[in-house]
1. Residues in the stretch 27-43 that are touching a Pro at 6+ places or on another chain (Cβ under 9 Å) and open to solvent by 10 Å² or more (accessible area, probe 1.4 Å): how many?
2. Mind listing whichever residues of the stretch 195-218 are without any contact (Cβ under 8 Å) to a residue 40 or more places away in the chain and of a type in the set (Val, Ile, Thr)?
3. So which of TYR54, TYR83 is open to solvent by less than 10 Å² (accessible area, probe 1.4 Å) and within 31 Å of the chain's Cα centre (by Cα)?
4. Six or more apart or on different chains, Cβ under 6 Å: which pairs go from a residue in the stretch 275-299 that's of a type in the set (Phe, Trp, Tyr) to one that's open to solvent by 70 Å² or more (accessible area, probe 1.4 Å) and assigned to a helix (DSSP H, G or I)? Could you list them?
5. Would you point out which residue out of LYS638, LYS642 is touching a strand residue (DSSP E or B) at 6+ places or on another chain (Cβ under 9 Å) and of a type in the set (Lys, Arg)?
6. Would the stretch 261-284 turn up any residue that is modelled with pLDDT of 95 or more, crowded, with 19+ Cβ neighbours inside 10 Å and out of contact with any Phe, Trp or Tyr (no Cβ under 6 Å at 6 or more places or on another chain)?
7. List the helices (runs of 4 or more DSSP H) that sit entirely inside the stretch 100-183 and contain at least 3 residues that are under 19 Å from ILE228 (Cα atoms).
Amino acid sequence: MEADLGLSTQRYPFAYDPAEPFVSRLGEWVADVFYDILPESGFEVRDEQIFMAYQLERAYGDKKTIMAEAGVGTGKTLVYLLYAVCYARYTGKPAVIACADESLIEQLVKPGGDIAKLAAHLDLEVDARLGKSPDQYVCLNKLSAVRFADEDAPVIEEVHESLPDFVNTPGTLQAFHPYGDRKQYPHLNDRQWNKINWDPFQDCFVCPKRQRCGLTLSRDHYRRSKDIIICSHDYYMEHVWTYDARKREGQLPLLPDHSSVVFDEGHLLEEAALNALSYKLKHRIFEELVTRLLEGEIRESLAERVDEAIESSERLFALLDTYTVAIPGSERKEVRVEPPLLREIERLTSVLDAIGEELVFESGLFSLDGYQMRVVEEHLDMIQSALALFRKEDGYICWAEESEDETTLSIMPRTVKEMLNERVFNTGIPIVFSSATLSVDSSFRYVADSLGIDDFVSFSVASPYDYADKMKMKITDEAVPGHPENENRLRDAVSLLQESGGRALILFRTMEELRAFKQDIVHVPEAEGLRFMYEGDREISDLIAAFQQDEESVLCSVNLWEGLDVPGPSLSNVMIWSLPYPPQDPVFNAKRSASAAPYEEIDLPYMLLRVKQGLGRLIRTSTDSGSAVILDESLYTKKEAKDRIAALLPEGVEWTTLTH
């Protein structure tokens with residue numbers, strides 16, 4: 001549930017004379033908080049937290065980008081919340097906290113979380129609202145289309161019955177409120193949810209249900225936040241890339257003007273930026289879009305161009321079936337960009353150019369609805385921008401995906417450095433990258449270079465916890481000849497789970513690995529008494545809460561390498577099923593092809609950051625203890641990886657070897 005706590009009656013939680021520099025006064029108060037106020041409430045004084053506070057004062061005062069690497073237990077979230085909230089009140093614009101993904105944005109506002117602590121111990125009531133991505137909301141059009149469609153009809157009908165009265169009973173003077181959030185339907189698995197949620201092929205611009213849509217109402221709600229808007233990296237990047245287009249269409253940007261940005265788990269931002277800038281094209285959706293131009297009394301030449309565009313799109317997607325290759329372990333297919341495919345892309349681009357010229361004439365004749373024409377023009381501009389990337393041999397990444405007998409072509413630029421530098425890091429506001437894992441070998445260049453950040457300040461503080469006393473580390477033994485790799489891992493995992501009585505998080509590299517484990521574990525007799533929970537079977541924050549409450553359960557996940565905060569005995573065992581190298585998909589393959597040493601520059605740093613994050617799920621408080629294990633036998637064939645993982649373990653922690 002959101003922490004919409006209302007505003008404090010006092011603008012700042014400290015006395016402030018406008019003649020003083022605000023950030024300096026804020027820094028003095030933050031020092032008082034950590035030296036005096038919180039210790040009086042039982043909090044310990046943490047030197048690491050105070051050091052971070054001074055560094056953030058510098059970043060906010062100079063409006064700089066800062067890489068703030070702080071280990072588990074340093075209290076980094078409290079530090080950046082204090083600066084973000086107070087600076088928001090000073091500027092009159094909310095701060096944005098962008099988390100790694102949708103599953104983590106609930107963590108900040110959970111009962112007993114850091115925002116609740118501000119209210120309880122500092123009398124600082126924070127107006128914090130969630131700005132969730134569109135795919136976290138029910139799409140009324142999709143819901144209506146599948147209500148009675150298949151075997152999931154009963155659970156989908158329950159969703160329809162739960163909609164507020166104002167959705168299907170139009171009237172005046174009704175009180176509207178946000179609804180339709182994924183979290184409100186925890187019992188739906190991901191497959192069921194994907195049948196009714198918003199997707200990129202929904203055209204909200206012309207939807208007749210738009211004003212009663214939960215997504216629309218949610219945006220109206222979070223835009224009114226005075227202090228903080230919490231969203232995902234993906235949503236923030238979508239805001240950045242669509243900002244100009246939405247203004248041209250007479251729409252509000254996804255997020256309001258804001259005073260500062262905190263990128264929590266900021267080392268993952270590049271992937272979100274690439275995803276946001278990708279364009280997805282389906283023939284059916286393209287045909288529906290351009291045929292809107294045939295609805296008015298248009299000139300014959302425009303109608304002919306529309307027909308040509310539809311025919312060209314059909315040929316393009318027919319060619320994709322010939323020039324795509326499946327990638328093992330990925331839902332994405334490689335597109336082999338051969339001359340016939342390039343010729344059809346060029347032909348479609350030329351036809352779209354011609355349609356654009358025709359629309360210039362039509363706008364003067366007023367034969368088309370002005371709003372509809374602007375919507376179509378905006379979509380066509382985006383398609384042309386995406387197709388234009390094919391004119392630069394090394395300027396794009398593309399892939400195809402199959403779903404419900406339809407092919408989707410996705411296109412993105414190979415790099416986003418220049419655009420990020422212009423639209424994010426040169427906007428003159430404080431930007432904070434916060435994580436326990438921002439550096440590789442004590443350098444922040446891997447993250448900074450991937451995002452095109454030239455000018456930044458940085459610091460790193462270690463966790464205050466005594467890991468040598470709290471954490472045991474194990475690695476699997478070398479493979480047993482004649483035994484399948486998966487059989488060894490299953491046996492080791494079940495043996496360790498029996499020792500710990502469950503209480504474990506198992507982290508998988510891919511959803512394919514998780515599904516294989518889920519299928520295989522039911523055939524292991526020793527695992528019968530263990531209770532497994534699987535990502536994808538229900539809404540993620542509900543799944544995390546259930547895992548925390550059921551102390552002896554086992555949570556299996558692909559996406560909870562970072563951000564998961566489950567202190568106490570419920571998480572006493574972290575298992576890494578396989579080393580989390582980046583996937584062999586078109587995005588990372590493009591990075592590899594551009595590198596002189598792809599393993600050392602791409603694969604290894606990515607894996608090391610991921611392993612460090614995964615191990616960080618284990619010890620969350622000074623009273624936690626437990627064990628972690630890497631079950632991947634490839635450690636013995638990749639000596640450099642083994643040595644580098646050993647080097648990143650907390651001081652005093654050394655691993656022992658499991659025996660099969």
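1. 1
2. The one that is without any contact (Cβ under 8 Å) to a residue 40 or more places away in the chain and of a type in the set (Val, Ile, Thr): THR216.
3. The conditions single out TYR83.
4. Correct list of pairs: TYR279/MET382.
5. That would be LYS642, the only listed residue that is touching a strand residue (DSSP E or B) at 6+ places or on another chain (Cβ under 9 Å) and of a type in the set (Lys, Arg).
6. Yes, there is a match, as at least one residue in the stretch 261-284 is modelled with pLDDT of 95 or more, crowded, with 19+ Cβ neighbours inside 10 Å and out of contact with any Phe, Trp or Tyr (no Cβ under 6 Å at 6 or more places or on another chain).
7. Output list reads 114-122.
Okay, residues lined up against (1) more than 21 Å from the chain's Cα centre (by Cα); (2) not aromatic (Phe, Trp, Tyr):
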| site | (1), (2) |
| --- | --- |
| MET382 | yes, yes |
| GLU393 | yes, yes |
| TRP399 | no, no |
| SER403 | yes, yes |
| MET412 | no, yes |
| GLY428 | yes, yes |
| LEU451 | no, yes |
| PHE459 | yes, no |
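The values are calculated or read from the model by the stated rules, or taken from the named source; none is laboratory data. Predicted model only: the values in this text are computed from it and were never measured. In this analysis, Cβ positions are derived from the backbone assuming ideal geometry, glycine residues included, and neighbour counts consider all displayed protein chains. Just so you know, the surface numbers come from the protein's heavy atoms only, side chains and all, with ligands and any DNA or RNA stripped out. Shrake-Rupley method; radii C 1.70, N 1.55, O 1.52, S 1.80 Å.
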